[in-house]
């Protein structure tokens, strides 16, 4: 890996904002989702993108890989996918008469796990060690993954046939769960105009995007963000938000300590994205829904009444006092 050089505040901000502008050239009408994706990238966390087909989930990750000069791999999750198809396996070499390790697609910088909920739990769990420890154990050997390493997974929330819900232990490894919704009318019109005038059928083209970052640049951005100052009151606010979910009316299960950590890491990434020198309560609050929604479980009576998790979490965010600047 290339040598990692320290970034100045202006360099870090220019890199992050330049990347956001480049992604918006390919992904139309999803500015908030692009900010969430960059929050995960800069915060060194994994991302779960959820939305109905055709909204640009895979396109967004492909566009990011185009702007990022590191290694990129895609796994299409299917019901017959085996764990060894993800992590790799040992192969007997006839010439040397020895087993050799064949590394799987997980050995990359940016991994797109497409339709992750189409594979059974055994295959989904093949990513657990990689996501948490940044390593994979093959034949008793712990093999480190490249740095940086990010999993960006997609899933369809409405289709149930042939899908397997992600276990809670794996959901907790995703720093953010982002809902991608329909674009506004004007943005959809712009998208249709752009795509219908292209020779690539119904695809938006990521080829014109410029490569702005190397693997070392991403690591440098992550290092810079991790050192942004967080006031004790802001830190306390992040912890209070996570702890409030554990006894909040309407939530059967609350978020664990990973949520508190993720709130602070995401807050730092948000501060960097807007070019600030420190983290504010608004930085924490802006990413709280994406950090918490997959770490809590709605009470059964509220589900029956038609409520969803985001509604309860918004109420929690409104009623938990934030420190004054």
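Laboratory data are not the source of any read-out in this text; all were calculated from the coordinates shown. Quick caveat, the model's predicted, so the values are computed rather than measured. Please note: Cβ atoms are built from the backbone with ideal geometry, for glycine as well, and neighbour counts cover all protein chains shown.
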Exercise. What ranking do 220-226, 111-117, 83-89, 7-13 get when scored by the average of other Cβ atoms within 10 Å per residue, highest first?
Worked result: 111-117, 220-226, 83-89, 7-13
Exercise. With each label point set 7 Å from Cα along the Cα-Cβ vector, what nm distance links residue 236 and residue 196?
Worked result: 5.7 nm
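Roughly what % of DSSP beta bridges within the chain run antiparallel, to the nearest 5?
On the way: 12 of 31 bridges.
Within the chain, antiparallel bridges account for around 40 percent of the total.
Please report, largest first and rounded to whole Å, the three semi-axes of the ellipsoid equivalent to the range 1-106, where each semi-axis is the square root of five times an eigenvalue of the C-alpha gyration tensor. Could you put the intermediate results ahead of the total?
Working: eigenvalues 226, 91, 22 Å².
Its equivalent ellipsoid spans semi-axes of 34, 21, 10 Å.
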Seminar exercise, completed: Of 214, 280, 123, the most mobile residue in a GNM of the chain (C-alpha springs, cutoff 10 Å) is 214
Seminar exercise, completed: Dividing the mean separation of Cα pairs under 8 Å (6+ apart) by the residue count of the range 1-159 yields a relative contact order in percent of 26 percent
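Mind jotting down a quarter of the surface of the convex hull over the alpha carbons of the chain, in square nanometres, one decimal? Each step should come with its number before you reach the end.
On the way: hull surface 78.3 nm².
Mean shadow area of the hull around the Cα atoms is 19.6 nm².
Could you work out Rg/(2.2 N^0.38 Å) for the range 128-269, with Rg from alpha carbons only? Please list the in-between numbers first.
Working: Rg = 20.1 Å, N = 142, 2.2 N^0.38 = 14.5 Å.
Dividing the Cα Rg of the range 128-269 by 2.2 N^0.38 Å gives 1.39.
Report Rg/Rh for the range 228-325, rounded to two decimals, where Rg is the Cα radius of gyration and Rh the Kirkwood radius. Walk me through the numbers on the way to the answer.
Values: Rg = 13.6 Å, Rh = 13.6 Å.
Checking Rg against Rh, the ratio lands at 1.00.
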Problem set entry | Helical contribution to [θ] at 222 nm, DSSP H n ≥ 4, -39,500 (n - 2.57), averaged over the chain, rounded to 500 | -13000 deg cm²/dmol
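In whole percent, what relative contact order does the chain give with Cα contacts below 8 Å and a gap of six or more residues? Don't skip to the end; give the middle numbers.
Working: 561 pairs, mean separation 75.7, N = 325.
In percent, rounded to a whole number, it is 23.
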